[in-house]
Every structure is written in structure tokens, then in C-alpha cells.
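**Student:** This is the structure I have questions about; it appears just below.
The values are calculated or read from the model by the stated rules, or taken from the named source; none is laboratory data. The model shown is predicted, which means the values in this text are computed figures rather than measured ones. In this analysis, Cβ positions are derived from the backbone assuming ideal geometry, glycine residues included, and neighbour counts consider all displayed protein chains. Accessible surface is based on the protein model in full, side chains and every heavy atom, while ligands, DNA and RNA are left aside. Shrake-Rupley method; radii C 1.70, N 1.55, O 1.52, S 1.80 Å.
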Amino acid sequence: NMMYGSLRVLLQVLWAQLLCGWVLGSELTFELPDNAKQCFYEDIIMGTKCTLEFQVVTGGHYDVDCRLEDPDGTTLYKEMKKQYDSFTFTAAKNGTYKFCFSNEFSTFTHKTVYFDFQVGDDPPLFPNENRVTALTQMESACVSIHEALKSVIDYQTHFRLREAQGRSRAEDLNTRVAFWSIGEAIILLVVSISQVVLLRSFFSDKKTTTTRVGS
């Protein structure tokens with residue numbers, strides 16, 4: 001009985017993890033070319049609480065335009081040239097909600113954008129249990145572990161984005177330093193050659209003048 005109970009609890013935890021992947025909407029990292037606009041759509045039921053989070057990972061000044069519209073085309077959220085932001089709302093009507101990311105203001109810089117569109121709350125870990133009945137010690141431990149794992153996932157996502165952004169900045173800085181070093185080397189070479197030519201011209205003029213005076 002104890003083994004059966006443990007197996008049942010484990011299956012419920014795995015099932016809840018699967019439900020979380022289906023209920024919580026969309027999470028995606030995509031490339032947004034210059035002068036481009038990318039839109040996404042989500043069917044939402046009225047009264048559902050939703051949260052849109054996004055962050056520009058690489059590209060340019062790490063900014064992008066974002067716009068969120070309800071099924072009637074009414075703008076619920078609009079920000080221009082934002083590096084990251086979060087917006088929470090409750091759906092006022094049933095239908096397909098549209099959110100777009102725009103890089104149309106950029107002429108040559110590609111962007112990499114991450115977004116997480118959460119729809120609704122997490123499903124209960126033990127949906128078939130009677131809420132009046134107190135959870136067993138194992139079930140309470142599973143709930144605590146489940147919440148801790150969700151926090152770990154959020155922190156991992158946050159640090160992955162920070163690491164990717166930092167790596168992009170470092171690579172961009174390294175490229176600029178390399179080009180600057182090459183430019184300095186070329187300038188130094190040009191100045192050195194110019195000085196040699198200038199000095200030779202001085203000695204050449206002096207020799208010519210001395211020869212004329214001697215004649």
C-alpha cells in the first residue's frame with residue numbers, strides 16, 4: 001500500500017508538470033531581423049489572468065517595440081524601444097489575443113527576443129483530492145518541492161538570458177577592440193611612412209641647395 005501510494009503521488013506530480021506545459025501559454029526565443037515585425041496569437045477565455053514578459057537578448061541597443069491587442073483590435077499594451085518589460089492583465093472577453101514585436105525602426109541590426117506568455121494559473125498538484133481533507137506528509141512535501149522547482153526554473157531562465165546577453169556584449173566589445181587595434185596599427189604605419197618620406201625630402205632639399213652654392 002505504501003509503495004502504491006508513493007507511485008500514485010509520483011504519477012500525479014508528473015501529470016501536473018505536463019499540465020503546466022499545456023496551460024501556461026507560450027515561451028519562445030526567436031530572431032527578429034531589421035525592418036521586420038513578428039506577431040503571435042493566443043486563444044484566451046474571458047476572466048483568465050495572463051502575463052506577458054519579454055527581453056531582448058542580443059542586437060543593437062537591446063530594444064524592441066511591443067504591442068498587445070484584444071480580439072477586437074483594442075490596444076492593451078504598447079511600448080516603444082524597450083529592453084525588457086512585464087505586463088499582466090485579465091482577459092475581458094473570449095477570443096484570440098495578438099501580441100507583436102517590431103524591429104522596424106532598425107535599419108541593419110538583427111535582434112534576438114525572448115518572451116514568456118503565461119495564460120491562467122498553475123493546475124493543482126493533486127486535482128482529484130478533496131480540498132477539505134488535509135494533505136498527507138508526502139503530499140505536502142511534493143507540493144513544496146513542486147513550488148521550489150518552479151522557482152528554480154524561473155531563476156535558470158533569468159540567468160540564461162543574462163548569460164546570453166553578457167556574452168553578446170562581450171563579443172561585441174571584443175570585435176570593436178579588434179577593429180580599433182587594426183585601425184591603430186594602420187594609422188601608425190601610415191604615420192611612420194609619412195615621417196620617413198618627410199625626413200628624406202628635407203635632406204634632399206638641403207643637398208640640392210648646397211650643390212648650387214658650390215657652383
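**Student:** Which numbered condition trips up Asn128, out of (1) at pLDDT 80 or above; (2) surrounded by fewer than 14 Cβ atoms within 10 Å (Cβ to Cβ)?
**Tutor:** Of everything listed in (1) at pLDDT 80 or above; (2) surrounded by fewer than 14 Cβ atoms within 10 Å (Cβ to Cβ), Asn128 misses just condition (1).
**Student:** Kindly indicate whether any position in segment 91-113 is open to solvent by 30 Å² or more (accessible area, probe 1.4 Å) and at pLDDT below 80.
**Tutor:** no
**Student:** Restricting attention to segment 139-164, and to residues there that are among the aliphatic types (A, V, I, L, M) and over 26 Å from the mean Cα position of the chain (by Cα), which single residue is nearest to Val57 (Cα to Cα)?
**Tutor:** My answer is Ile145.
**Student:** Here is a further query. How do the pairs read when you match residues in segment 168-179 that are in a helix (DSSP H, G or I) with residues anywhere that are open to solvent by less than 70 Å² (accessible area, probe 1.4 Å) and not polar (S, T, N, Q), using Cβ under 8 Å and keeping only pairs 6 or more apart or on different chains?
**Tutor:** Ser168/Val57; Ser168/Gly59
**Student:** Mind listing just one residue for me: the one in segment 67-89 that is charged (D, E, K, R) and open to solvent by 70 Å² or more (accessible area, probe 1.4 Å) and, of those, nearest to Phe117 (Cα to Cα)?
**Tutor:** Arg67
**Student:** If you don't mind, there's one more thing I want to ask. Being open to solvent by 80 Å² or more (accessible area, probe 1.4 Å) and either modelled with pLDDT under 75 or not charged (D, E, K, R) (or both) is the filter here; which residues of segment 131-152 pass it?
**Tutor:** Once the filter is applied, which keeps residues that are open to solvent by 80 Å² or more (accessible area, probe 1.4 Å) and either modelled with pLDDT under 75 or not charged (D, E, K, R) (or both), segment 131-152 yields Arg131, Val132, Thr133, Ala134, Gln137, Met138, Ile145, Leu149.
**Student:** Which pairs have Cβ atoms under 8 Å, sit 6 or more apart or on different chains, and link a residue in segment 97-110 that is among the polar types (S, T, N, Q) to one that is in a loop (DSSP other than H, G, I, E, B) and open to solvent by less than 10 Å² (accessible area, probe 1.4 Å)?
**Tutor:** Final answer for the pair search is Thr109/Asn103.
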